[in-house]
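Have a look at the structure below before the remarks.
The values are calculated or read from the model by the stated rules, or taken from the named source; none is laboratory data. Here the structure is a predicted model, which is why all the values come from computation and not from measurement. Neighbour counts are summed over all protein chains in view; Cβ atoms, including those assigned to glycine, are modelled from backbone coordinates with ideal geometry. The area values use the complete protein model at the heavy-atom level, side chains included, leaving out ligands, DNA and RNA. Shrake-Rupley method; radii C 1.70, N 1.55, O 1.52, S 1.80 Å.
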Amino acid sequence: MNIVIITGSNRRASTSTKLAEYIKEYIVRREYQVKLFDLYRTPLPFYSPDESFYDHKGLAELQSAMKKADAIVLASPEYHGGMSGVLKNALDHLGQTHFSGKPVLCVSSAGGAVGVSSLQQMQATVRNLHGINCPEWLSIGGSQRQRFELENADYEDGNEIEARIRRVVDSFLRLAQIVRARSNLEAEVSL
Ligand SMILES: Cc1cc2nc3c(=O)[nH]c(=O)nc-3n(C[C@H](O)[C@H](O)[C@H](O)COP(=O)(O)O)c2cc1C
């Protein structure tokens, strides 16, 4: 099973990116293949329908990995009640060929207590791309972000946050397994 994670912060010490890295490590320990695209380290050009971006190496890598993905995680900071422009720009470079029928987990980091507005916006975009929104989502907000700001991860509520992340990621992986088993079955039947 191939899982692609796209992180949408343009900040070096981003907490949403660190949350995504934590998710990646957890999924790798469960022996899945995971590729993380950090849009801060691999910036993409502004999408324009007038331009062709076939010679952009980073974009070609992202598009190729997304085509092979069985399931996807989108991570974003909450910016002005929505996802970051950096993530939305990446999604504008992608389409239904990358998302259709694939389970998607949305996660966010917000200055306020929870980043529900960005999560809802991300899920609306996933729906338009014909992806399958995971019923669970994840938001770290306010002081909870300290867990992902500290190098030594000794934030006092860290255990509670980590348990919540593991529970949500487990339910996402279960959904991904069910969807994959079903599409394997359909492929066998049509042979
Ligand atoms: C331009 C901008 C807009 C923001 N808008 C919101 C917002 O609408 N709601 C909120 O809770 N936090 C908002 N914040 C705070 C960020 O969500 C918060 O700092 C978040 O942890 C940043 O994620 P990062 O650590 O991955 O960069 C905003 C921050 C910036 C820079």
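Determine the percent antiparallel among the DSSP beta bridges restricted to the range 2-189, to the nearest 5.
5 percent
Run the numbers for Ala181 and Asp50: contour at 0.36 nm per residue of separation, minus the present Cα-Cα distance, in nm.
Stretched fully, the Ala181-Asp50 segment lengthens by 43.2 nm.
Can you send over the carbon and sulfur percentage of the accessible area for the chain, probe radius 1.4 Å, protein chains only?
48 percent
Once ligands and nucleic acids are excluded and a 1.4 Å probe is used, how much of Thr97 is accessible, expressed in Å² to the nearest 10?
The value for Thr97 is about 100 Å².
Once R0 is set to 30 Å, what does the formula 1/(1 + (r/R0)^6) return for the Cβ-Cβ distance between Val116 and Tyr40, expressed as a FRET efficiency to the nearest 0.05?
Working: r = 24 Å, r/R0 = 0.79.
It comes out at approximately 0.80.
Out of Phe53, Phe37, Phe148, any idea which swings most in a Gaussian network model of the chain, alpha carbons joined below 10 Å?
Phe53
In what order, largest first, do Met1, Met122 sit by accessible area if the probe radius is 1.4 Å?
Largest to smallest exposure gives the sequence Met1, Met122.
Measuring from a point 7 Å past the Cα of Glu149 along Cα-to-C-beta, which residues in the range 100-119 have an amide N at less than 19 Å?
108-116, by backbone N distance to the label point.
Which FRET efficiency value, to the nearest 0.05, do you get for Lys67 and Val28 by plugging their Cβ-Cβ distance into 1/(1 + (r/R0)^6) with R0 = 30 Å?
Values: r = 21 Å, r/R0 = 0.70.
Rounded to the nearest 0.05, the efficiency is 0.90.
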